[in-house]
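The values are calculated or read from the model by the stated rules, or taken from the named source; none is laboratory data. None of the values given here were measured: they were computed from a predicted structure. Every residue, glycine among them, receives a Cβ derived from its backbone with ideal geometry; neighbour counts consider all protein chains shown.
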Amino acid sequence: MHIGVDFDNTIVCYDALFHKVAREKNLISEDVPVNKSDVRNHLRRVGKEDAWTEMQGYVYGARMAEAAPYPGVIEFFQSCRAAGIRISIISHKTKHPFLGEKYDLHAAATNWLEQRGFLDSARIGLPRGNVFFELTKEAKLERIGRCGCTHFIDDLPEFLAEPEFPATALRILFDSNNLYAEESRFVRALDWEEIRELFAAALSNPTDAAALREKVQPLLQQRGVTGGWLPQPLPGGANNRVYRVRSEGADHVLKVYFQNPGDPRDRFRAERAFYEHLWRHGVRRTPEPCGWDEQNRFGLFSFVAGRKLRPEEVNEQAVAQALDFILEANQARASVPTDSIPIASEACFSIAEHLALVDRRVARLQQIGAQTDLDSQAVAFVRDDLVPAWNEIRAAISADAPTHLDNALAQADRCLSPSDFGFHNALLATDGRLRFFDFEYAGWDDPAKLVCDFFCQPQIPVSAVHWEGFVGPLDVAWKLGGELAKRAKRLLAAYQIKWCCIVLNEFLGTDLARREFALGAGATAEKKRAQLERARGLLSQAR
């Protein structure tokens with residue numbers, strides 16, 4: 001990786017200095033905004049173009065030492081040095097001003113870099129051989145190519161759009177004054193904190209980032225991404241690593257699937273089969289699957305610009321969109337070969353299997369090791385509260401259906417379930433529609449389990465007032481004769497217990513390994529404490 005960076009208005013911020021000098025020379029009034037662009041535009045508007053040109057030479061020469069670096073740029077250079085990432089300054093800068101006194105602009109810029117510690121090995125440590133002040137725009141373009149820059153940061157979209165710009169470099173527009181909000185040809189950053197986030201993967205672990213880039217490149221090339229790109233880690237993934245792949249034209253999402261010998265579930269194949277089923281049958285309420293790499297366990301998807309729903313936004317319209325997604329996903333289920341999509345993770349087709357599923361989860365929690373005081377609290381909660389509550393609920397369900405606990409649902413009564421379905425796995429896109437995602441556990445399952453999970457999922461809960469509006473249409477569409485509501489109500493308390501167990505997974509060693517894969521660190525004490533409190537709240541609802 002080799003990052004090229006422009007100098008003026010990218011590393012150096014002149015906004016306050018230009019305003020100050022223009023006021024000193026009585027060229028502008030105090031009400032002109034304090035940024036370089038507004039000062040320039042004002043002088044041009046009042047016919048003082050020459051005054052603007054002469055002032056540029058004066059600022060870049062005699063007053064250069066007063067200019068400030070943009071916040072965060074020094075820290076970014078230092079981080080690149082620590083990570084072993086090569087970085088160069090490549091600027092188009094004339095030797096002398098066009099008008100006014102003939103200051104040596106190259107010397108002034110070099111002195112500024114020295115004064116600010118860029119060339120000091122004890123501070124930023126940029127080698128002098130990595131600083132280039134080119135006399136022409138053409139020479140700057142050539143230098144970017146000769147240096148082999150994989151990424152280049154500049155404040156001028158017209159320069160980044162030059163036909164001769166090296167095709168292998170990812171162009172990043174530094175737009176500190178938000179002048180180019182509609183610019184979509186380049187990756188755009190408003191400040192150096194955003195740029196740091198773009199390079200977060202490479203800065204935090206350069207070796208892993210380089211290996212990831214090499215493995216992902218063929219998948220991106222199949223999608224037509226031939227120039228530079230950046231993997232930007234996305235927050236929120238608890239089971240896998242997820243990146244926003246920033247490239248020119250269209251961004252993507254890269255998902256790296258977790259696999260562990262202690263967890264036999266094949267998340268990659270389950271999600272791939274479900275996505276391919278959806279898109280084969282015209283269901284477009286998800287990101288588009290753009291490519292798969294089975295060897296490296298990668299999935300590539302279109303990037304959906306949007307946000308998570310807030311709990312108060314889970315209204316009738318949102319639930320209707322979730323319902324429509326399930327109905328569309330199952331529209332062709334009668335003709336789908338049963339072996340083309342796997343059985344869902346933890347699928348249950350009889351009441352006995354549902355009860356056994358919760359039995360297993362409760363039993364797992366009884367193996368929590370009391371290594372800390374917080375662990376001991378979890379152990380006591382499971383022993384004194386969770387287990388007795390589950391025993392009561394289990395007995396009530398068994399008594400309610402004593403003669404057909406083992407009766408399995410016929411294939412015709414089963415559904416294609418996204419599994420782990422809820423608004424926690426949805427984005428409200430900029431077009432106002434919800435997009436659903438995360439189908440690692442998807443497959444054939446009991447419709448009652450889908451319903452129970454949908455209403456029990458605790459991250460973005462769904463109120464019981466939506467029960468009839470969600471369950472009724474499913475029962476009608478799948479011709480279940482009213483049995484779906486009965487079966488789901490019978491099992492609801494069991495699934496409330498199941499979700500109590502799920503939120504306590506932070507206390508289990510096998511789940512901790514998955515969290516460490518996704519997040520890069522073990523679950524913190526704060527996370528465990530929060531999950532224990534959440535489990536207490538969920539249990540109170542189940543009783």
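Values for this structure:
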item	result
Single residue of Ala322, Ala347 found to be among the small types (Gly, Ala, Ser) and assigned to a helix (DSSP H, G or I)	Ala322
Hey, Ser417 within 38 Å of the chain's Cα centre (by Cα) and either within 17 Å of Ala535 (Cβ to Cβ) or crowded, with 16+ Cβ neighbours inside 10 Å (or both) or not	yes
Helices (runs of 4 or more DSSP H) lying entirely in the stretch 71-151 (those with 1 or more residues that are in contact with a Gly (Cβ under 9 Å, 6 or more places away or on another chain) and within 20 Å of Ile195 (Cα to Cα))	73-83, 137-147
Flag for Leu474 being more than 18 Å from Arg360 (Cβ to Cβ), touching a residue at least 40 places away in the same chain (Cβ under 8 Å) and either of a type outside the set (Lys, Arg) or assigned to a helix (DSSP H, G or I) (or both)	yes
The stretch 169-192, subset within 17 Å of Asp38 (Cα to Cα) and of a type in the set (Ser, Thr, Tyr), residue surrounded by the most Cβ atoms within 10 Å (Cβ to Cβ)	Ser176
Candidate set: the stretch 193-213, residues that are surrounded by fewer than 19 Cβ atoms within 10 Å (Cβ to Cβ) and within 17 Å of Thr10 (Cα to Cα); chosen: the one nearest to the chain's Cα centre (by Cα)	Glu197
Search result, residues across the stretch 287-314 that are among the polar types (S, T, N, Q) and touching a helix residue (DSSP H, G or I) at 6+ places or on another chain (Cβ under 6 Å)	Asn296
Members of the stretch 183-208 that are in contact with a Phe, Trp or Tyr (Cβ under 9 Å, 6 or more places away or on another chain) and under 18 Å from Arg297 (Cβ atoms)	Ala201
From the options Phe325, Phe381, Phe349, residue that is aromatic (Phe, Trp, Tyr), closer than 30 Å to Trp478 by Cβ, in contact with a Leu (Cβ under 7 Å, 6 or more places away or on another chain) and surrounded by 12 or more Cβ atoms within 10 Å (Cβ to Cβ)	Phe349
Residues located in the stretch 303-318, provided they are touching a strand residue (DSSP E or B) at 6+ places or on another chain (Cβ under 6 Å), within 22 Å of Glu248 (Cα to Cα) and either part of a loop (DSSP other than H, G, I, E, B) or modelled with pLDDT of 95 or more (or both)	Phe303, Val304
Qualifying residue in the stretch 217-233 (condition: in a helix (DSSP H, G or I) and within 18 Å of the chain's Cα centre (by Cα))	yes
